[in-house]
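As structure tokens, the structure follows; a few thoughts come after it.
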Amino acid sequence: MKIIEPSLLAFEHNKIPEQLTEMKKCGFSFIHYDVMDGHFVANTAYRTEWLDTIHQKDLKTNVHLMVQDPDEWIDMFKPFPINSLIFHCEAVNTTKINECLDKLHSIGIAGGIAIKPHTDANTYKSIIERCQYVCVMGVEPGMGGQSFMPEAINNLIKVYNIKQKSNPKLIIQLDGGVDPKVISKTAQYVDHFVVGSYLMKQTDKKALLDFANKY
């Protein structure tokens with residue numbers, strides 16, 4: 001079963017509670033929660049302000065940190081009811097990546113890394129082998145509404161191969177530029193699709209969930 005994670009960043013800011021209710025009614029179970037610090041990426045996004053609301057709507061939260069110092073941000077998010085947290089491998093060195101994953105595991109939050117389209121996933125093979133989530137970016141992080149970059153499929157294949165050989169419980173996310181055409185091309189490698197602007201433009205949002213689960 002494929003999971004679609006609606007991206008909170010694409011919601012209408014003044015209608016977030018109502019749109020969360022709509023997502024629950026449509027059958028979505030996860031919300032993708034982007035966090036940007038204005039340094040690792042140029043833009044800023046939410047901090048912790050919507051986490052309790054998402055939990056109250058009986059939705060799970062996957063937090064995606066696009067920040068320079070993920071260790072500090074993990075401490076900020078630790079008290080909140082989140083299910084998983086990923087951070088960018090490009091933001092810190094390998095030692096710090098492992099320390100952050102250790103911290104997440106110690107507090108019972110599923111952890112993992114996000115990988116930009118032009119980063120070679122095989123560089124982080126030993127990291128991926130111990131992650132619970134890996135988020136393969138289909139666009140450059142930091143801005144919604146971008147078109148999918150086909151070269152990201154190379155990273156999907158690499159992460160999928162590592163999963164098959166060394167980490168069968170790994171959940172692979174694809175984030176950025178996702179629409180039905182992208183889903184049809186990548187579904188064999190992906191467990192969770194993160195969808196923002198495309199989903200929010202659809203009158204029948206459940207149709208995308210039904211479409212993904214044909215694969």
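The residue of the range 51-68 that is surrounded by the most Cβ atoms within 10 Å (Cβ to Cβ), among those that are of a type outside the set (Ser, Thr, Tyr) and touching a His at 6+ places or on another chain (Cβ under 9 Å), is 64.
Give the residues of the range 9-28 that are over 27 Å from residue 72 (Cα atoms) and open to solvent by 40 Å² or more (accessible area, probe 1.4 Å), sorted by residue number.
Pass one, the range 9-28, residues over 27 Å from residue 72 (Cα atoms): 12, 14-15, 17-28.
Those that are over 27 Å from residue 72 (Cα atoms) and open to solvent by 40 Å² or more (accessible area, probe 1.4 Å): 12, 14, 15, 17, 18, 21, 22, 24, 25, 27.
Suppose the filter is under 17 Å from residue 114 (Cα atoms) and either more than 16 Å from the chain's Cα centre (by Cα) or free of Cβ contacts under 8 Å to residues at least 40 places away in the same chain (or both); does residue 14 pass it? Spelling it out, it is not the case that residue 14 is under 17 Å from residue 114 (Cα atoms) and either more than 16 Å from the chain's Cα centre (by Cα) or free of Cβ contacts under 8 Å to residues at least 40 places away in the same chain (or both).
Residues in the range 172-207 that are surrounded by 14 or more Cβ atoms within 10 Å (Cβ to Cβ) and touching a Cys at 6+ places or on another chain (Cβ under 9 Å): 172, 173, 174, 175, 192, 194, 205, 206. Tallying residues that are among the hydroxyl-bearing types (Ser, Thr, Tyr) and touching a strand residue (DSSP E or B) at 6+ places or on another chain (Cβ under 7 Å) within the range 148-181 yields 1. Residues in the range 184-196 that are of a type in the set (Val, Ile, Thr) and within 15 Å of the chain's Cα centre (by Cα): 190, 194, 195.
Could you tell me which residue of the range 29-47 is modelled with the lowest pLDDT, considering only residues that are of a type in the set (Ser, Thr, Tyr) and surrounded by fewer than 16 Cβ atoms within 10 Å (Cβ to Cβ)? Across the range 29-47, the extreme among qualifying residues is 44.
The values are calculated or read from the model by the stated rules, or taken from the named source; none is laboratory data. Computed from a prediction, not measured in an experiment: that's the story for all the values here. Cβ coordinates were reconstructed from backbone atoms using ideal geometry, including for glycine residues, and neighbour counts include every protein chain displayed. Calculation scope for accessible area: heavy atoms of the full protein, side chains included, ligands and nucleic acids excluded. Shrake-Rupley method; radii C 1.70, N 1.55, O 1.52, S 1.80 Å.
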